[in-house]
Each structure stands twice: as C-alpha cells, then as structure tokens.
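Below is one structure, written out as structure tokens; comments come after it.
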Amino acid sequence: MQFFVLLSVVASAFAAPAPQDSPAAVPYIHMEVAAEPYVHEEPVETAEIPAEAYVHEEIAAEPYVHAEIVAEPYAHIEPVETAEIAAEPYMHEEIEAEPYVHEEIEAEPYTHVEPVAAPVVYATAPVAY
C-alpha cells in the first residue's frame, strides 16, 4: 500500500509543470464592450389562450378481405458434404470412476477477539505566526 502511495506521489510530481515549461504571464488588458439596450417584451400568458373544442370524427373501417395463400409442396433436398474429411464414428469407451475417499479435517477452535478502535489523530499543517 505504501508503494502505491509513493508511486502516486512520484507520478504527480512528474505530471506537474516545471517552472521553465510554464508560459509567461499575460498582462490584463481591459477592453470596453458596448452593451445592448434593454428592450422589454411582454410575456405571452398561455392561460388566456382559449382551448380548442373536441370534435369527434367518425372514421370508416376498411372491410376484411380474405386472401387464400396456397402452400408450396415440400421438396426434400439431401445435404451436400462440404467437409473434406469425413466425420469419425462415435466409439464409446468405458472409463473407470475413482472412488470417493472422505478425509476428516479437524476444525479450528473459535476464539473471539474484541476489535480495538484506533485513536483519532487530526493532522494539522505547521503554522508560523
């Protein structure tokens, strides 16, 4: 863990810009920008817009037209052998199973240990007055 902290400190030190690499400070130059005059526009009150009344329109349904679809007859096509090597036939081999051997393992005795709270220490930076 300390190695990771050391590694992160070294990485951040190398990532920081060196004084010779930093650009020179550019002096502030004040430029006056002409402001546009304020033009007041009254907001549109949407509550004052009248709602449109609902008008029900009857839509004519299209009639059902049954179309008879003739099924094509089944035509069996033998599969084409695409592999250059023919598949080997399955040969069953009997494999002898190993018997289960139970080994008794002695359990460790339980010992309860109360947790110890670490003291709280607040680190402060050195301050010189």
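The values are calculated or read from the model by the stated rules, or taken from the named source; none is laboratory data. Just so it is clear, the model here is predicted, and its values are computed rather than measured. Positions of Cβ are generated from backbone atoms using ideal geometry, with glycine treated the same way; all protein chains shown enter the neighbour counts. Accessible surface areas use protein heavy atoms only, side chains included; no ligands, DNA or RNA. Shrake-Rupley method; radii C 1.70, N 1.55, O 1.52, S 1.80 Å.
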(request) Kindly indicate whether any position in segment 83-94 is part of a loop (DSSP other than H, G, I, E, B), open to solvent by 100 Å² or more (accessible area, probe 1.4 Å) and among the hydrophobic types (A, V, I, L, M, F, W, C). (result) yes
Quiz prompt | Check on Ala118, at pLDDT 90 or above and exposed (fewer than 10 other Cβ atoms within 10 Å of the Cβ) | solution = no
Within segment 1-42, of all residues that are aromatic (Phe, Trp, Tyr) and not in a loop (DSSP other than H, G, I, E, B), the one modelled with the lowest pLDDT is Phe14
